[in-house]
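The values are calculated or read from the model by the stated rules, or taken from the named source; none is laboratory data. Owing to the predicted nature of the structure, the values given are computational and were not obtained by experimental measurement. For neighbour counting, all protein chains shown are included, and Cβ atoms are generated from backbone atoms with ideal geometry for every residue, glycine included.
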Amino acid sequence: MTTPQAATDYATDIVKNACRQYNNDASRMMDILWCVQDALGGIDTDAMTVIAQQTSGYRVEVEGVVSFYSFFSSQPRPQVVRIYLCEDVIDQHAGIAEVAAVFERTLGIRIGQTSADIPVELHWTPCIGLSDQAPAALINFRPFTRLTPDKAEALARAILAGIAVHELPIGEGEGNNSKPLINVEVANNLRLPGAVYFAPHRPLSGLDNAGRLSPAQVRHEIRQAGLRGRGGAGYPVWKKWEAAATTASERRFVICNADEGEPGTFKDRLLLTEKADLLFEGMTIAAYAVGASEGILYLRAEYRYLHAWLNHLLLERRRQGLLGKAIRGMENFDFDIRIQLGAGAYICGEESALISSCEGRRGEPKTKPPFPAQAGYLGYPTVVNNVETLCAIPAILSRGSQWFAGLGTEQSSGTKLLSVSGDCSRPGVYEVPLGISVKEVLTLAGGVDAQAVQVGGASGEMIGVADFGRSLCFEDLPTAGAIMIFNGQRNLLSIVHYFMRFFVDESCGYCTPCRVGNVFLLQAVEKIMKGLGEAQDIESMRQLSETIIATSRCGLGHTSPNPVLSSLKHFPLVYSSLIRENAKGMQAGFDLEQALATARAIVRRPAEVLQCEVRLQPADAHASDRLTGVLAYPLIARSGLDDYTVPKVDSTDDPSAHQEDAES
Amino acid sequence: MSTTFTIHVDGAAIPARPGQTIMEACDAAGLYIPRLCDVEGLAPQGSCRVCTVRDNGRCVSACTQPAMPEAVIEHDTESMNRYRRDLVTMLLHEGNHLCPGCEASGRCELQAMAYRLGITDSNRLPYLQPVRPLDASHPLWVLDTNRCIFCSRCIRASREQDGKNVFEYVGRGIHKRLAVNGNHLADTSAQEGDHAMSDGICPVGCIIRKGEGFSTPIGQRRFDKHLIGEEIENKSGRSDLSTEEAQ
Ligand SMILES: Cc1cc2nc3c(=O)[nH]c(=O)nc-3n(C[C@H](O)[C@H](O)[C@H](O)COP(=O)(O)O)c2cc1C
Ligand code: SF4
Ligand code: SF4
Ligand code: SF4
């Protein structure tokens with residue numbers, strides 16, 4: 001038996017060791033928190049106090065970081081098994097609700113609730129980058145794919161029987177996924193290799209060619225190639241590199257953005273699994289071109305299962321002199337890479353928020369200017385590029401900028417990786433020349449009965465059949481590569497609703513329009529889904545969207561109304577069929593029963609309102625509530641908005657009581 | 001070395017210096033751009049977005065955006081003012097703002113901004129009605145974060161001027177809330193004389209001083225006498241602005 005004091009001392013030692021491992025450096029807060037959570041199952045206020053002492057900070061700052069990221073828990077639970085079910089629309093269409101129900105029933109716990117009886121937790125999480133093999137889940141960050149109710153039951157029983165997560169039965173993984181250091185049942189699903197990423201590449205031929213050029217000449221090559229960023233924005237790569245290279249500084253950084261958080265995107269997963277050496281070669285060339293000696297790979301926690309593998313490859317490269325001092329014999333060229341693990345926050349894909357996270361802070365975007373290339377990580381010039389962008393670099397240096405510029409279109413050179421998912425027979429990754437039409441992609445993927453295609457994930461555009469002739473490129477439909485296909489059976493409004501909820505959940509909360517405006521937009525969608533919408537609601541949704549887009553501080557808010565605006569534009573009937581005319585001069589949108597219900601609940605159950613405490617854990621969001629979209633009571637009460645509490649109405653109430661209320 | 005240049009705000013030529021933000025240049029010229037999170041003496045952060053202007057066609061927060069030579073800026077127009085009204089309305093609906101019972105009424109910048117921008121009509125937006133516990137633990141102040149507009153002024157004042165970290169945010173998105181460095185305010189090092197706790201830091205009624213509530217009679221409260229922003233407009237007076245047509 002350990003005494004409580006001994007347990008406390010033990011925990012304190014763990015926390016102190018974690019801090020010491022990172023030199024008590026507050027900028028390594030993410031690593032410290034992961035280290036503590038891995039050992040103790042969570043980070044409570046006692047641990048936060050110790051971390052603050054060790055890193056010369058304040059407890060509330062540590063709490064600010066812990067509470068920002070959805071994979072950090074404030075409840076220490078050693079040996080806990082945490083199951084994260086992917087709630088994305090693609091997984092919903094693939095049957096995650098049934099899978100969730102089986103997990104709940106077999107484990108005897110509810111999603112979002114913790115039970116003291118068994119050390120297992122069930123949670124929802126947004127897209128985990130496995131839409132091509134949905135429905136999927138992470139169990140202690142190990143992915144399980146193509147779930148069925150039977151498979152879920154077998155997994156749940158094995159977990160209850162105490163089988164360790166790394167020993168749970170899995171199907172065979174494809175390619176490197178079956179390597180002992182990865183060992184997951186993930187499929188690569190590379191459906192179409194193309195000219196750049198999946199063409200044969202002689203290792204180091206790009207780096208060696210770069211070494212024969214001056215850094216300025218390398219930047220010139222990239223400029224000639226016309227390479228634009230693959231992370232979504234399509235910013236010319238050379239411009240960013242030029243700015244970082246020409247900003248006077250003692251240190252510079254190259255960061256690879258492997259956050260891949262856009263729902264429906266998973267092509268970086270494939271590159272990280274099969275082409276990591278290409279990526280590291282690209283990062284090394286980038287470092288040479290801008291004069292950086294330090295690199296960071298920001299890996300989303302959902303891809304943590306690749307962490308050991310990637311670390312192993314980095315070690316190998318160090319051993320071979322491809323990282324470290326005087327790389328490939330080039331004097332004055334030192335470069336090394338560390339991996340920074342994220343912890344569940346879509347906003348950390350935004351480059352300046354990613355930098356905040358690397359610095360051990362809340363993942364909030366930074367004020368621009370200055371731009372990261374001028375003053376980024378720890379204030380030094382920093383280049384942030386997407387995985388795919390960096391993987392194109394070695395090929396360009398190896399085969400020449402002319403060759404690359406000849407692929408694709410005038411303003412969008414090269415090939416692009418597409419992540420295709422949803423209602424099609426061949427979901428997976430396609431490498432295609434930029435400029436390909438949506439129709440061609442549908443043909444390749446077997447999306448024969450597509451009614452709508454979401455191009456570019458939640459923040460992209462939902463288009464209909466009339467627009468399938470448009471092309472995927474920066475001039476027409478720009479995209480980071482997500483193509484989600486929906487057939488005629490799908491309810492488009494509930495897809496829009498899900499995407500808006502995603503943005504509400506993922507807004508960092510820094511600025512007013514995105515933090516608050518998106519909640520209102522979501523509520524407006526819910527109102528229409530419930531059949532309470534009026535014609536004026538459409539106009540006010542447009543206005544609200546315009547304000548959010550115009551006044552938000554970063555790209556999340558600049559794009560979050562897109563699901564609403566693009567569906568209004570391309571599928572107006574979806575809305576108008578649910579809009580009610582004002583009958584008998586009554587305001588259609590006003591639900592008298594609902595308005596009274598809230599008041600009744602307050603009058604009859606004052607205690608519930610007054611005693612409401614702020615809870616750190618998300619409130620109970622039952623599986624079906626969260627997925628069906630249409631709600632019995634307002635969003636706020638349901639989606640776990642802990643401190644916004646709308647009293648629920650007890651449906652078992654005696655109806656005659658309402659009569660009394662009305663009379664009194 | 002600082003050579004001045006000109007920016008053009010709604011057609012008026014405003015002098016600016018390198019390193020100045022759009023807001024600083026406008027303030028110096030007596031041209032008030034509405035704002036809630038920015039306050040004299042603290043580093044600007046651009047979070048409320050009420051100071052949004054269109055700078056050469058692109059919407060930016062005037063408090064953080066550097067003024068650039070010959071920039072053409074749209075500020076006091078129907079579309080900018082609609083954005084501002086939307087933003088202030090969002091803040092009024094996000095928290096619990098029942099002004100008649102609020103101690104800050106009359107000196108509250110949110111309330112004053114609503115008046116200045118003419119937010120008088122009802123609108124279609126719902127109320128979120130937070131229910132966060134009051135923190136009355138400290139002998140000197142009550143903390144009611146149900147009215148918090150997330151301006152960070154208390155956080156920045158504590159950090160930048162008091163050299164402490166009494167406040168910080170926890171959570172994210174709409175779940176974000178103001179927290180203190182301890183279980184309650186009384187556990188923190190907040191004390192008499194802290195800039196963070198002083199009048200004029202919290203723009204609304206979150207940090208309320210105990211024992212002297214409602215002391216200023218109606219009619220003599222800060223914004224009973226003038227509109228918010230008039231102190232800037234009166235500093236150098238808008239009359240000395242030359243419009244370009246006049247030149
Ligand atoms: C909300 C948000 C999320 C983003 N997520 C990602 C991401 O997951 N991966 C990525 O490469 N870029 C993402 N970006 C774009 C990055 O900010 C940045 O433009 C990109 O990493 C630059 O690399 P590139 O020029 O090579 O595309 C995101 C942007 C925003 C606004
Ligand atoms: S738009 Fe504002 S609230 Fe939304 S993620 Fe960006 S900075 Fe955060
Ligand atoms: S904080 Fe300001 S706006 Fe809110 S209730 Fe008080 S006076 Fe009114
Ligand atoms: S408590 Fe007041 S000063 Fe602090 S963030 Fe909230 S509104 Fe701003």
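Checking the condition aliphatic (A, V, I, L, M), more than 19 Å from B:GLY95 (Cα to Cα), surrounded by 20 or more Cβ atoms within 10 Å (Cβ to Cβ) and within 16 Å of ligand 3 (Cβ to nearest atom), which residue from B:ILE201, B:ILE228, B:ILE207 passes? Being aliphatic (A, V, I, L, M), more than 19 Å from B:GLY95 (Cα to Cα), surrounded by 20 or more Cβ atoms within 10 Å (Cβ to Cβ) and within 16 Å of ligand 3 (Cβ to nearest atom) holds for just one of B:ILE201, B:ILE228, B:ILE207, which is B:ILE228. Please count how many residues of the stretch A:48-104 are among the basic types (Lys, Arg), over 18 Å from B:LEU178 (Cβ atoms) and either part of a helix (DSSP H, G or I) or in contact with a Pro (Cβ under 7 Å, 6 or more places away or on another chain) (or both). So the count comes out to 1.
Yes or no, residue by residue, for (1) under 30 Å from A:PRO263 (Cα atoms); (2) without any contact (Cβ under 8 Å) to a residue 12 or more places away in the chain:
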site	(1), (2)
A:GLN5	no, yes
A:THR8	no, no
A:ASP13	no, yes
A:ASN23	no, yes
A:ALA26	no, no
A:ASP31	yes, no
A:ASP46	no, no
A:GLN54	no, no
A:ASP91	yes, no
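Taking the numbered list (1) surrounded by fewer than 24 Cβ atoms within 10 Å (Cβ to Cβ); (2) closer than 17 Å to A:MET30 by Cβ; (3) within 11 Å of chain B (Cβ to nearest Cβ) in turn, A:THR49 passes all entries but (2).
In the condition set (1) among the aliphatic types (A, V, I, L, M); (2) surrounded by 24 or more Cβ atoms within 10 Å (Cβ to Cβ); (3) part of a helix (DSSP H, G or I), A:ILE549 is compliant with all but (2). I'd like to check something: does the stretch B:28-43 contain any residue that is surrounded by fewer than 24 Cβ atoms within 10 Å (Cβ to Cβ) and not in a loop (DSSP other than H, G, I, E, B)? The answer is yes; a qualifying residue exists.
A count restricted to the stretch A:34-46 and to residues that are within 14 Å of another protein chain (Cβ to nearest Cβ) and in a helix (DSSP H, G or I) stands at 2. When residues in the stretch B:156-170 are screened for being crowded, with 21+ Cβ neighbours inside 10 Å, free of Cβ contacts under 8 Å to residues at least 40 places away in the same chain and more than 9 Å from chain A (Cβ to nearest Cβ), 1 of them pass.
Conditions (1) within 16 Å of ligand 4 (Cβ to nearest atom); (2) of a type outside the set (D, E, K, R), marked per residue:
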{"site": "A:CYS508", "(1), (2)": "yes, yes"}
{"site": "A:ARG515", "(1), (2)": "yes, no"}
{"site": "A:ILE528", "(1), (2)": "no, yes"}
{"site": "A:THR547", "(1), (2)": "no, yes"}
{"site": "A:ALA550", "(1), (2)": "no, yes"}
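The selection criterion, being under 22 Å from A:VAL60 (Cβ atoms) and either away from chain A (no Cβ under 14 Å) or not hydrophobic (A, V, I, L, M, F, W, C) (or both), does not hold for B:ARG222.
Close contacts from the stretch A:568-582, counting a first residue that is polar (S, T, N, Q) and a second that is assigned to a loop (DSSP other than H, G, I, E, B), with Cβ to Cβ under 6 Å and a gap of 6+ residues or different chains, come to A:ASN582/A:ALA588.
Taking A:SER214, is it hydroxyl-bearing (Ser, Thr, Tyr) and in contact (Cβ under 8 Å) with a residue 24 or more places away in the chain? So A:SER214 does not fit the description; no. Restricting attention to the stretch A:500-557, the residues that are at positive phi and at the interface with chain B (Cβ under 7 Å from one of its Cβ atoms) total 1.
Taking the conditions (1) surrounded by fewer than 21 Cβ atoms within 10 Å (Cβ to Cβ); (2) at the interface with chain A (Cβ under 9 Å from one of its Cβ atoms); (3) in contact (Cβ under 8 Å) with a residue 24 or more places away in the chain in turn, B:PRO130 satisfies each one other than (1).
Test B:ILE149 against the criterion of being surrounded by 20 or more Cβ atoms within 10 Å (Cβ to Cβ) and within 16 Å of ligand 2 (Cβ to nearest atom), and give yes or no. Yes: the conditions hold for B:ILE149.
Scanning the stretch A:250-299 for residues that are acidic (Asp, Glu) and either farther than 14 Å from A:LEU130 by Cα or not in a helix (DSSP H, G or I) (or both) gives A:GLU250, A:ASP259, A:GLU260, A:GLU262, A:GLU274, A:ASP277, A:GLU281, A:GLU294.
Is it fair to say B:LEU125 is more than 10 Å from ligand 4 (Cβ to nearest atom), in the same structural domain as B:GLN220 (by TED's automatic domain parsing) and at pLDDT 95 or above? Spelling it out, it is not the case that B:LEU125 is more than 10 Å from ligand 4 (Cβ to nearest atom), in the same structural domain as B:GLN220 (by TED's automatic domain parsing) and at pLDDT 95 or above.
For residues in the stretch A:558-567 being in a helix (DSSP H, G or I) and among the polar types (S, T, N, Q), which is nearest to the other protein chains (Cβ to nearest Cβ)? Ranking the qualifying residues of the stretch A:558-567, first place goes to A:THR559. Taking (1) crowded, with 22+ Cβ neighbours inside 10 Å; (2) away from ligand 2 (no atom under 15 Å from the Cβ); (3) over 21 Å from A:ALA286 (Cα atoms) in turn, A:PRO369 satisfies each apart from (1). Annotation note: Cβ proximity below 6 Å between a residue of the stretch A:359-375 that is assigned by TED's automatic domain parsing to the domain that holds A:GLY349 and of a type in the set (Lys, Arg) and a residue that is within 15 Å of ligand 2 (Cβ to nearest atom) and not in a loop (DSSP other than H, G, I, E, B) (sequence gap 6+ or interchain) occurs for A:ARG362/A:GLY64; A:LYS366/A:SER352. Would you confirm, using the coordinates I've provided, whether B:THR145 is more than 14 Å from ligand 4 (Cβ to nearest atom) and of a type in the set (Ser, Thr, Tyr)? Taking the combined requirement at face value, the residue does not satisfy it.
With the structure loaded, tell me whether A:GLY291 is touching a residue at least 12 places away in the same chain (Cβ under 8 Å) and either under 25 Å from A:SER356 (Cα atoms) or not polar (S, T, N, Q) (or both) or whether it fails that test. Spelling it out, A:GLY291 is indeed touching a residue at least 12 places away in the same chain (Cβ under 8 Å) and either under 25 Å from A:SER356 (Cα atoms) or not polar (S, T, N, Q) (or both).
Pairs linking a residue in the stretch B:67-95 that is of a type outside the set (Lys, Arg) to a residue that is within 16 Å of ligand 4 (Cβ to nearest atom) and assigned to a loop (DSSP other than H, G, I, E, B), with Cβ atoms under 6 Å and 6 or more positions apart or on different chains, are B:LEU87/B:ARG49; B:LEU87/B:VAL50; B:LEU91/B:ILE149; B:GLU94/B:LEU128. When the stretch B:92-114 is filtered for residues that are away from every other protein chain (no Cβ under 14 Å) and either more than 14 Å from the chain's Cα centre (by Cα) or within 16 Å of ligand 1 (Cβ to nearest atom) (or both), the ones remaining, listed by number, are B:LEU98, B:CYS99, B:PRO100, B:GLY101, B:CYS102, B:GLU103, B:ALA104, B:SER105, B:GLY106. Per the conditions (1) charged (D, E, K, R); (2) within 11 Å of ligand 4 (Cβ to nearest atom); (3) within 10 Å of chain A (Cβ to nearest Cβ), the sole criterion not satisfied by B:ARG82 is (2).
Using the structure shown, decide if A:ALA308 is part of a helix (DSSP H, G or I), surrounded by 23 or more Cβ atoms within 10 Å (Cβ to Cβ) and either out of contact with any Lys or Arg (no Cβ under 7 Å at 6 or more places or on another chain) or aliphatic (A, V, I, L, M) (or both). No; evaluated as a whole, the condition is false for this residue.
Scan the stretch A:510-549 for residues that are under 30 Å from B:CYS63 (Cα atoms) and either touching a residue at least 24 places away in the same chain (Cβ under 8 Å) or within 16 Å of ligand 3 (Cβ to nearest atom) (or both) and the total you get is 18.
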